[in-house]
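The values are calculated or read from the model by the stated rules, or taken from the named source; none is laboratory data. Being a predicted model, the structure only gives us computed values, none of them experimental. Virtual Cβ from ideal backbone geometry, glycine too; neighbours counted across all protein chains shown.
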């Protein structure tokens, strides 16, 4: 497999179009990252994606690529809306899993003495871990359906956050394509108690600070300065989204398809078909659930800060900088051979990174869309912005995180809880999680170096670094 | 000796099961899944509940995933953990079984988002049925 990879430049590699592939595949990666990719099935999975009908230009992989199921994680595939297919596997089970970045008026020094109390208070307020539920009580079916239609706006109407937040959420926190009649009763059952919950695994709420500024101009426009206290929230659509994906995958699997399918998990149907439209409507509903979920959690975090630090909302200055999705399919216009074309862009473990030209006014028209790229709990995270080059090379997409390189099983075998905690303690990072096991699985060594990942995309000109943040306290799922 | 084998997967979880018949394979797969999500911890046997399950699928692979999804759904959404399987029968794309669940209010050990169809084939070699199942974590 590795022999087939051809270097385009020091940060970009190509797999030639062979066999059933309809387009070549490309991987953005520095040389040390490309070596990691060769050890699992991610390149084969990327080649499989390149066989899907209607795929345009290249099957793309970001530098955080790693083996998933069907699509690799860190994959981007854009399909022609007339000839192409839509694939639930190209979005993943955690529909609209994403990240939001919040700034405060506080500095790291303001909370240093209160971090333990803050973290404990967050742990008590935001349900975390496996099957977490009942952050805001169980929703009736009628109310849940309102969430599915209105997304983050539902949460704001209920007092979770402010109207201004909507302007800084991808899609303004709501996909109008949502249709609740495409949702199964099982999905409704699973979603009713899960709004405002973090879930398990790599999901988190992180209290951090701005550690380094790469672009003084952009960080000033975003009102970010060194040592400023920030919050990052990472979660998705919980059991609701998982069920939606599952329901529609199952329906598609029993349909006849007229193209070779190298892996059942890659099942896809024509975008312009009833099942394609049904899936997109259901996926949109789950995306709205996820935006409402992050909106509620953000508000709970804000309330916890105010209560725990005994300060006013004004003094705290909680302000959402941006909210991005990294598991989603969207209809977007992109240039193909110099012509504007509507495409269905699948981003599975990849983040939208639109350039400034895509915004008609406001700050983002000057700086481009903010992109949030979290690292693991023991290292660092990045706020970047999208660029013109992203529009021309990656359908306006970039990486989504560090990317796993060690299985959870290996992580559990390689160390113990005390060692992980000692390592974090040395870095003055406090953590809390529902289970010790999660903290071992999520140790830094299980992930690629996020700095290499972000630098690959920065040097490629796809997403430009604005600030680097470091964690102070992390609530893990 | 476990009745299943855990395999390495970078981001997710895979396990392999074998059985002398399809029925045995399906039974072992369901028990393996239960052992994984509960970490094999013995449950206090209370609030026993019996369900008659009937599932239909166009092929045995999809039927296996449907079966495992059913076991997972009861565990995650209704806190019902598989305890015993009786009279599991597979015929003409249909599975029927009597399943005893125990109510469990403790959180599960692992959150499995979904049972995937990734690379799924049920093999029959040397009188043994086998399958490798990948779960999204």
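Residues in the range A:92-120 that are buried (at least 19 other Cβ atoms within 10 Å of the Cβ) and over 24 Å from residue A:219 (Cβ atoms): A:92, A:93, A:94, A:95, A:96, A:97, A:118, A:119. Within the range B:93-105, the set of residues being over 15 Å from residue B:69 (Cα atoms) and in contact (Cβ under 8 Å) with a residue 60 or more places away in the chain comprises just one member, B:104.
Criterion first (more than 10 Å from every other protein chain (Cβ to nearest Cβ), surrounded by 15 or more Cβ atoms within 10 Å (Cβ to Cβ) and modelled with pLDDT of 95 or more) does residue B:83 satisfy it? Considered against the rule, which asks whether it is more than 10 Å from every other protein chain (Cβ to nearest Cβ), surrounded by 15 or more Cβ atoms within 10 Å (Cβ to Cβ) and modelled with pLDDT of 95 or more, residue B:83 comes out as no.
Restricting to the range B:123-134, and then to whatever is crowded, with 20+ Cβ neighbours inside 10 Å and under 11 Å from residue B:29 (Cβ atoms), can you tell me which residue is farthest from the other protein chains (Cβ to nearest Cβ)?
B:129
Which residue is surrounded by the fewest Cβ atoms within 10 Å (Cβ to Cβ), if the candidates are limited to the range A:252-283 and must be in a helix (DSSP H, G or I) and within 11 Å of chain B (Cβ to nearest Cβ)? So, considering only residues that are in a helix (DSSP H, G or I) and within 11 Å of chain B (Cβ to nearest Cβ), the one surrounded by the fewest Cβ atoms within 10 Å (Cβ to Cβ) is A:253.
Selection of the range A:84-100 for residues being out of contact with any helix residue (DSSP H, G or I) (no Cβ under 6 Å at 6 or more places or on another chain), closer than 18 Å to residue A:199 by Cα and assigned to a strand (DSSP E or B) yields A:98, A:99. Listed by first and then second residue, the pairs linking a residue in the range A:200-211 that is under 13 Å from residue A:110 (Cβ atoms) and within 14 Å of chain B (Cβ to nearest Cβ) to a residue that is buried (at least 23 other Cβ atoms within 10 Å of the Cβ) and modelled with pLDDT under 95, with Cβ atoms under 6 Å apart and 6 or more places separating them unless they lie on different chains, form an empty list. Scanning the range A:164-195 for residues that are over 21 Å from residue A:327 (Cβ atoms) and in contact with a helix residue (DSSP H, G or I) (Cβ under 6 Å, 6 or more places away or on another chain) returns A:189, A:192.
When A:404, A:451, A:445 are checked against the criterion of being within 19 Å of residue A:30 (Cβ to Cβ), within 14 Å of another protein chain (Cβ to nearest Cβ) and surrounded by fewer than 18 Cβ atoms within 10 Å (Cβ to Cβ), a single residue qualifies: A:445.
Could you go through the range B:60-78 and let me know if any residue there is surrounded by fewer than 16 Cβ atoms within 10 Å (Cβ to Cβ) and closer than 25 Å to residue A:194 by Cβ. The answer is yes; a qualifying residue exists.
Kindly indicate whether residue A:381 is more than 14 Å from every other protein chain (Cβ to nearest Cβ), modelled with pLDDT of 95 or more and buried (at least 24 other Cβ atoms within 10 Å of the Cβ). Judged against the criteria, residue A:381 is a match. Taking each residue of the range B:38-55 that is closer than 14 Å to residue B:79 by Cα and looking for partners that are at pLDDT below 85 with beta-carbon atoms closer than 8 Å, six or more apart or interchain, yields B:38/B:104; B:38/B:108; B:38/B:109; B:43/B:104. Considering only residues in the range B:1-13 that are more than 9 Å from chain A (Cβ to nearest Cβ) and closer than 27 Å to residue A:40 by Cβ, the one that is surrounded by the fewest Cβ atoms within 10 Å (Cβ to Cβ) turns out to be B:2. When residues in the range B:111-121 are screened for being more than 7 Å from chain A (Cβ to nearest Cβ) and either buried (at least 19 other Cβ atoms within 10 Å of the Cβ) or on the phi > 0 side of the Ramachandran plot (or both), 2 of them pass.
Examine the range B:86-106 for a residue that is within 14 Å of another protein chain (Cβ to nearest Cβ), in a helix (DSSP H, G or I) and surrounded by fewer than 21 Cβ atoms within 10 Å (Cβ to Cβ), and state whether such a residue exists. Checking the range B:86-106: not a single residue is within 14 Å of another protein chain (Cβ to nearest Cβ), in a helix (DSSP H, G or I) and surrounded by fewer than 21 Cβ atoms within 10 Å (Cβ to Cβ). Within the range B:39-79, if we keep just the residues that are more than 21 Å from residue A:189 (Cβ to Cβ) and outside any loop (DSSP other than H, G, I, E, B), the residue that is modelled with the lowest pLDDT turns out to be B:48.
Of the set (1) under 25 Å from residue B:119 (Cα atoms); (2) crowded, with 18+ Cβ neighbours inside 10 Å; (3) at pLDDT 90 or above, all apply to residue B:24 but (2). Which one is nearest to the other protein chains (Cβ to nearest Cβ) among residues in the range A:127-155 that are modelled with pLDDT of 95 or more and surrounded by 21 or more Cβ atoms within 10 Å (Cβ to Cβ)? Taking the candidates together, the pick is A:144. Of all the numbered requirements in (1) free of Cβ contacts under 8 Å to residues at least 40 places away in the same chain; (2) away from every other protein chain (no Cβ under 14 Å); (3) in contact with a helix residue (DSSP H, G or I) (Cβ under 6 Å, 6 or more places away or on another chain), residue A:339 misses one, and that requirement is (3).
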